1. Please give the calculated 222 nm ellipticity per residue for the chain, where each DSSP H segment of at least 4 residues contributes -39500 (n - 2.57) and the sum is spread over every residue; nearest 500 deg cm²/dmol?
2. What is the sum of charges, Lys and Arg at +1 and Asp and Glu at -1, for the other residues whose Cβ falls under 12 Å from the Cβ of Ile132?
3. What are the ³J(HN,Hα) values, in whole Hz, obtained from phi via the Karplus relation 6.51 cos²θ - 1.76 cosθ + 1.60 with θ = phi - 60°, for each residue of the stretch 118-125 in sequence order, with x given for Gly and Pro?
4. Name the residue, out of Pro149, Pro116, Pro163, whose mean-square fluctuation peaks in a Gaussian network model built on the chain with Cα pairs under 10 Å.
5. Quick one: grab the alpha carbon gyration tensor of the stretch 46-102, order the square roots of its eigenvalues as a ≥ b ≥ c, and give me rounded if a/c is under 1.5, else prolate or oblate depending on whether a/b is larger than b/c.
6. Using modelled amide H (1.01 Å from N, peptide plane; none on Pro or chain starts), what sits under 5 Å from the amide H of Glu64, excluding residues fewer than 5 places away?
7. Among DSSP bridges having both ends in the stretch 1-152, what percentage is antiparallel? Round to the nearest 5.
8. Quick check: convex hull of the Cα atoms in the chain, volume per residue, rounded to a whole Å³?
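The values are calculated or read from the model by the stated rules, or taken from the named source; none is laboratory data. Quick caveat: nothing in here was measured; it's all calculated off a predicted structure. With ideal geometry, Cβ positions are generated from the backbone for all residues, glycine too; neighbour counts draw on all protein chains shown. Remember, those area values only see protein heavy atoms, side chains included, never the ligands or the DNA or RNA. Shrake-Rupley method; radii C 1.70, N 1.55, O 1.52, S 1.80 Å.
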Amino acid sequence: MRPAPITLDRFILDEQRSSPGSTGELSLLLVRLGVAAKRIAAALAGAGFSETLGSAGSSNVQGEEQKKLDVVANDILLETFDYGGLVTLAASEEMEEPVVFGGNLAEGRYAVLFDPMDGSSNIDVNGTLGTIFSIRRRRDGTVADLLRPGHEQVAAGYFLFGPAVLLVYTCGDGVHLFTLDASIGEFLLTRRGVRMPDRGRGYAVNEGRAHTWAPSVRAFVDHLKTPDKGSGRPYATRYSASLVADVHRFLLEGGIYLYPADAGGTGAGKLRVLYECHPLALVVEQAGGMASTGAERVLDVAPTSLHERMPLAIGSRAEVELFDSFVAKG
Ligand code: AFP
């Protein structure tokens, strides 16, 4: 007889049983995130005929255009956390202020941060998209609970909406990958304890913005493109306009994703510390990779405001260390 597939809920329950002192609340939250992933996947699949493609006619706190599906996914996630006494506070890239779940105030042990629809320029062209989430302990139930270094995350992960729907997460003891089996409507374990290759052959960066980068960043990217058989160069460009999609590729194949600071601007880059960088940094580190600002480990950064941005270099150890050495040389 073939072994029974391991569903997401079975996997999470087994993990819970093997961690002494666990209350089961985090398990429940992860199972609920699995349901949210299916709901968002259904909304994406039906967007072409339910008139949810295109702009919502509004902009988020950063002044970026909101797509209707940014709003739909944001609402689905808020509904996911709004009951059952698990989550006190939720903040997202799409909302100016965090939402406090009044009904959960007494018991909710967690605060959740998320980017509901990462890569939203891909929505209207049927490109790959993702949702990123970060789970933290609730402390005093205020925004200060969220402005903490990334290494304090209890769990983090993402959904990837590509040819298949994937759920990837870590609770700080390895990275596990699940694939949605649409025929039964369940996520099934496809890889336990994912390990990222130490080195890759690909890089992802928006080179159209090279004129805004510091000379050291340009020198690094030029280095990757300069042929040298011995060290596997030139690298291949792999940029999809979705951070989740690119990071997922490098998680499996090795390589580096970069969104450098705009040297002449704020020096902060585009990506949000809390909704994008911290959660993906935890996943990648747990798989043996690295995430750096060029000068600092991403997980050691504590932002001072909710929507703060940072430069990001994330991927295999060899390429991120090399990037850091280029930045250090100046
Ligand atoms: P959106 O979700 O607003 O499209 O941003 C996506 C993103 O944060 C990240 O997923 C991409 O890698 C990056 O921004 C794309 O930004 P550029 O359009 O500047 O290349």
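1. Values: 7 runs with 89 residues, N = 330.
About -8500 deg cm²/dmol.
2. Values: positive: Arg272; negative: Glu93, Asp115, Asp118, Glu276.
Here the charged neighbours net out to -3.
3. After applying 6.51 cos²θ - 1.76 cosθ + 1.60, I find 7, x, 5, 5, 7, 4, 6, 10 Hz.
4. Its mean-square fluctuation being the largest, the pick is Pro163.
5. Numbers: a/c = 4.30, a/b = 1.51, b/c = 2.85.
It is oblate, given that a/c is not under 1.5 and a/b is not larger than b/c.
6. Under 5 Å from the amide H of Glu64: no residue qualifies.
7. Details: 12 of 17 bridges.
Taking every DSSP beta bridge with both residues in the stretch 1-152, the antiparallel ones total about 70 percent.
8. Numbers: hull volume 48.1 nm³, N = 330.
It is 146 Å³ per residue.
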